[in-house]
Amino acid sequence: MSESSTTVHRAGFVSFVGRPNVGKSTLTNALVGEKVAITSSKPQTTRRVVRGIVHRPDSQLVLLDTPGLHRPRTLLGERLNAEVRAAWSEVDVIGFCLPADETIGAGDRFIARELAEVARTPKVAIVTKTDRVSRDQVFEQLAAVAALGTQTGIDWAEVVPVSAVAGEQVELLGSLLAALLPVSPPLYPAGDLTDEPEQVMVAELIREAALEGVRDELPHSIAVLVEEMRPREDRPSDRPLLDVHAYLYVERDSQKAIVIGPKGARLRDIGTTARKGIEALLGTPVYLDLHVTVAKDWQRDPKQLRRLGF
């Protein structure tokens with residue numbers, strides 16, 4: 001049977017890479033059609049490789065949303081960078097995300113040079129956040145991205161402008177990525193949108209809520225660990241309640257005070273926002289019990305990093 005046949009099905013792995021805060025998670029969610037990765041305006045929100053699964057009639061894309069590659073200042077940063085490099089070394093296609101509203105800088109060139117060494121993997125340049133700039137600026141960025149490929153020896157398989165927020169060209173990007181995947185049956189069952197454990201997704205929703213409105217220096221210091229999730233006993237079947245007990249870890253007492261807020265107001269807001277997201281994710285009412293604790297310099301402590309799952 002020829003590959004042009006309508007019965008050919010493609011499936012494989014696509015890694016989205018780029019600097020922090022270039023829109024990788026928002027793009028992943030837009031392609032999947034559901035929220036599988038938390039998003040924030042704070043750089044380095046993504047702390048683990050999140051898999052989002054896109055089901056199409058002729059293909060299945062398994063998207064790897066990776067942490068932003070950056071100059072590490074902590075052991076955590078070094079481990080996140082190692083995760084990114086491991087992800088792009090094992091996929092079928094690499095999607096390099098560069099925002100339309102920022103000029104190409106040293107960080108982008110550094111990543112491009114590293115990607116150039118991954119010789120046999122097709123690379124798609126994705127110009128994100130096109131809704132933030134004029135059409136002329138989009139064209140200028142597309143030209144700059146093409147020049148970046150020439151300078152670093154990358155022969156882009158495609159160069160695609162998209163806006164995940166506005167939904168512009170997201171479907172086209174999915175089709176272009178799918179065409180680069182190998183012929184294969186689906187890798188995940190129909191209906192699966194991610195392979196993230198529920199407990200990990202719940203912890204991420206709590207962290208996302210905690211990131212809203214905090215000071216610039218605080219986001220990197222927040223980690224969340226869900227200690228327990230279990231249905232409350234003695235509840236009637238038509239009125240279930242899931243008890244979730246979680247800890248927010250920060251590095252200093254001053255940060256703990258920021259997260260808790262005056263008379264606990266900030267922590268209550270975090271709980272309210274996170275609980276709504278968790279209930280939407282799990283489809284059941286939730287009682288969310290949050291505690292804030294100090295784990296001094298956890299980003300630099302190998303033992304604490306292991307405990308927090310890094």
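Rounded to whole Hz and in sequence order, give me ³J(HN,Hα) for region 21-35 from the Karplus expression 6.51 cos²θ - 1.76 cosθ + 1.60, θ = phi - 60°, writing x for Gly and Pro.
Once θ is set to phi - 60°, the couplings for region 21-35 become 6, 9, x, 5, 5, 4, 5, 4, 4, 5, 5, 5, x, 9, 7 Hz.
Taking the 0 to 90 degree range and rounding to the nearest ten, how far is the long axis of helix 170-179 tilted relative to the main principal axis of the chain, both from C-alpha atoms?
60
Any idea what log10 I(q)/I(0) is at q = 0.23 Å⁻¹ for region 159-268, Debye with uniform C-alpha scatterers and no solvent?
Debye intensities relative to I(0), on a log10 scale: -1.21.
Taking H placed 1.01 Å from N in the peptide plane, check which residues at least 5 places from ARG56 or on another chain put their amide H under 5 Å from its amide H.
LEU61
Of the beta bridges DSSP finds with both residues in the chain, what % are antiparallel, to the nearest 5?
35
Against the 2.2 N^0.38 Å scaling, with N counting residues, where does the chain land? I'd like the Cα-based Rg ratio to two decimal places.
In units of the globular-protein estimate, the chain measures up at 1.06.
Mind listing the phi-derived Karplus ³J(HN,Hα) values for region 296-304, rounded to whole Hz, using 6.51, -1.76 and 1.60 with θ = phi - 60°, and x for any glycine or proline?
4, 6, 4, 5, 10, 9, x, 5, 5
Please give the contour-minus-distance gain from HIS291 to GLU78: 0.36 nm per residue of separation, less the Cα-Cα distance, rounded to one decimal in nm.
Value of the extension gain: 73.9 nm.
Which percentage, to the nearest 5, of the DSSP beta bridges contained in region 10-179 is antiparallel?
About 30 percent, rounded to the nearest 5.
Give me P(r) over region 10-179, computed from all C-alpha to C-alpha distances, binned every 5 Å, as integer percentages.
1, 9, 20, 24, 23, 15, 7, 1, 0
Going highest first, how would you order 128-141, 182-195 by mean Cβ packing within 10 Å?
So the peptides 128-141, 182-195, ranked by packing, come out 128-141, 182-195.
Give the lysines reachable from LYS35 as a straight Cα distance under 27 Å; neighbours fewer than 8 places away on the same chain don't count.
Output for LYS35: LYS24, LYS123, LYS129, LYS276.
Compute the relative contact order of region 198-307 as a whole-number percentage, counting only Cα pairs closer than 8 Å that sit 6 or more residues apart in sequence.
Relative contact order of region 198-307: 29 percent.
Enter the angle in degrees (range 0 to 90, nearest 10) between the Cα long axis of helix 198-211 and the first principal axis of the Cα atoms of the chain, meaning the one along which they spread out most.
Long axis of 198-211 versus the principal axis of the chain: about 80 degrees.
Around VAL160, which amide H atoms from residues at least 5 apart in sequence, or from another chain, sit under 5 Å from its own amide H, with H modelled in the peptide plane?
ALA125, ILE126, VAL127
Looking at region 198-307, send over the antiparallel percent of its DSSP beta bridges, to the nearest 5.
45
Can you give the helix-only mean residue ellipticity at 222 nm for the chain, where every DSSP H stretch with n ≥ 4 adds -39500 (n - 2.57) and the sum goes over all residues, rounded to the nearest 500 deg cm²/dmol?
Calculated from helices alone, the mean residue ellipticity at 222 nm is -11000 deg cm²/dmol.
For ARG252 and LEU172 in one chain, what is 0.36 nm times their gap in residues minus the Cα-Cα distance, to one decimal in nm?
24.2 nm
Mind putting a number on the dipole of the chain about its Cα centre? Charges go on the C-beta only, +1 for Lys and Arg and -1 for Asp and Glu, and I need it in Debye to the nearest 20.
Computed about the Cα centre, the dipole is about 900 debye.
For THR103 and VAL183, what is the calculated FRET efficiency with R₀ set at 30 Å and r taken between the beta-carbons, to the nearest 0.05?
The pair THR103/VAL183 has a calculated efficiency of 0.15.
Values quoted throughout were computed directly from the atomic coordinates according to the rules given, and no laboratory measurement underlies them. For clarity, every value in this text was computed on a predicted model and none was experimentally measured. Here Cβ is always computed from backbone atoms with ideal geometry, including for glycine, and neighbour counts include all displayed protein chains.
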